[in-house]
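A quick write-up on the structure given underneath.
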């Protein structure tokens with residue numbers, strides 16, 4: 001957990017801090033192994049409380065690698081917010097994991113190699 005920084009974590013209670021650090025601490029090594037290099041994770045936490053309602057947590061993550069930066073913050077905040085901090089953190093870490101996985105998969109493939117045009121040219125010969 002040396003490469004993880006949290007912003008606005010002081011607004012949370014001790015139990016919420018523990019749950020957030022537990023979820024992020026379990027998911028971050030999976031992402032770190034996929035990248036095969038040093039990376040830094042910044043977790044932004046926003047706690048929203050309205051009158052008469054329970055508090056909502058909005059979490060966004062920024063992963064900085066030597067080659068690229070990944071961001072899970074989107075304009076549609078409904079995906080990344082929840083009343084339970086464990087669920088909200090898990091959603092964001094899964095979103096970050098799938099984004100990194102997708103980017104690495106796309107970089108490793110070459111679609112032109114298996115196009116229909118090249119396939120038909122092999123049959124003509």
I'm checking my understanding of the structure. Among residues of the range 87-104 that are over 15 Å from residue 62 (Cβ atoms) and out of contact with any strand residue (DSSP E or B) (no Cβ under 6 Å at 6 or more places or on another chain), which one is modelled with the lowest pLDDT? 104
If you go through 91, 68, 73, the only one that is under 16 Å from the mean Cα position of the chain (by Cα), crowded, with 17+ Cβ neighbours inside 10 Å and within 22 Å of residue 103 (Cα to Cα) is 91
Taking residue 16 and the conditions (1) within 16 Å of the chain's Cα centre (by Cα); (2) surrounded by 10 or more Cβ atoms within 10 Å (Cβ to Cβ); (3) at pLDDT 85 or above; (4) closer than 22 Å to residue 3 by Cβ, which numbered condition does it fall short on, given that it satisfies the others? (1)
Residue under question is residue 47, and the condition is that it be outside any helix (DSSP H, G or I), surrounded by 13 or more Cβ atoms within 10 Å (Cβ to Cβ) and at pLDDT below 90; does it hold? yes
I'd like the full set of residues that are farther than 15 Å from residue 69 by Cα and either in contact with a helix residue (DSSP H, G or I) (Cβ under 9 Å, 6 or more places away or on another chain) or touching a residue at least 40 places away in the same chain (Cβ under 8 Å) (or both), limited to the range 29-42. 30
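The values are calculated or read from the model by the stated rules, or taken from the named source; none is laboratory data. The shown structure was predicted, so the numbers you read here are calculated from the model rather than taken from an experiment. Ideal geometry is used to build each Cβ from the backbone, glycine not excepted, and the neighbour counts take in all protein chains shown.
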